[in-house]
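The values are calculated or read from the model by the stated rules, or taken from the named source; none is laboratory data. If you're wondering where the values come from, they're calculated on a predicted model, not measured in any experiment. Quick reminder, even Gly has a Cβ in these numbers, built from the backbone with ideal geometry, and neighbours come from all protein chains shown.
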Amino acid sequence: MTFVVTLYRVTGASDTLGNVPSNEKIAFNSSKNTSIENAFLYADGLQIKNQEGLGDNSSPGQELGNQQALGSTEKLYVLKGFITKVNGTSDNGLNAFVDILQKWDDEAKQTNTWAEGRFGIDIGYLEKFDVIPTRAGGDFKGLIWLNLDLTSNLSTKVPRLEFEIRLRRSRGDGS
């Protein structure tokens, strides 16, 4: 069974996963054909980390003591995986997935249209953790691209480029 995870970037005001151009989304694990440009996630390649906030209590003599739990303050998404056929389909040294990831890493992470983040994620087997960028009504949300780490692994039979992508779930309060 294949578990497909789709990461995408919205640019226009009405963009959704269904209508973003192909150069604005990557479906990881969608094929196992390593002879073409492809991207895979490791089996343990998706981490979702909740961050709990702690605040100092200004009244340490009170019942709550010195620190107080403030609830969940952020959710961090970490995708780990690798890209095969790094030289591209034509062995020309160009890989479309590397180009897309580098473009996303270089360009604006937020815009006036998408102040809560330009990225969404569709986790086919864990829908509860999908993030669909929203910019209307009272439910503003999106993922903000934090960083991209790339490592060339030449010790495998076929050279591959390993990656780690970090995205942070926005506040969602529209401010």
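When residues in the range 6-22 are screened for being at pLDDT 90 or above, outside any loop (DSSP other than H, G, I, E, B) and either surrounded by fewer than 20 Cβ atoms within 10 Å (Cβ to Cβ) or touching a Gly at 6+ places or on another chain (Cβ under 7 Å) (or both), 2 of them pass. Looking only at residues in the range 102-135 that are within 21 Å of ILE48 (Cα to Cα) and β-branched (Val, Ile, Thr), which one is surrounded by the fewest Cβ atoms within 10 Å (Cβ to Cβ)? Ranking the qualifying residues of the range 102-135, first place goes to ILE132. Checking each residue in the range 24-39 for being surrounded by fewer than 13 Cβ atoms within 10 Å (Cβ to Cβ) and modelled with pLDDT of 65 or more picks out LYS32, ASN33.
Looking at (1) small (Gly, Ala, Ser); (2) modelled with pLDDT of 80 or more; (3) part of a loop (DSSP other than H, G, I, E, B); (4) closer than 21 Å to LEU17 by Cβ, find the lone condition where ALA136 falls short. Every condition holds for ALA136 apart from (2). Taking the conditions (1) charged (D, E, K, R); (2) surrounded by 15 or more Cβ atoms within 10 Å (Cβ to Cβ); (3) not in a loop (DSSP other than H, G, I, E, B) in turn, ASP99 satisfies each one other than (2).
Right, LEU150: in a strand (DSSP E or B) and either among the polar types (S, T, N, Q) or in contact with a helix residue (DSSP H, G or I) (Cβ under 9 Å, 6 or more places away or on another chain) (or both) or not? Before you say what the answer is, go through the steps one by one.
Values: in a strand (DSSP E or B): yes; either among the polar types (S, T, N, Q) or in contact with a helix residue (DSSP H, G or I) (Cβ under 9 Å, 6 or more places away or on another chain) (or both): yes.
For LEU150, the condition - in a strand (DSSP E or B) and either among the polar types (S, T, N, Q) or in contact with a helix residue (DSSP H, G or I) (Cβ under 9 Å, 6 or more places away or on another chain) (or both) - is met.
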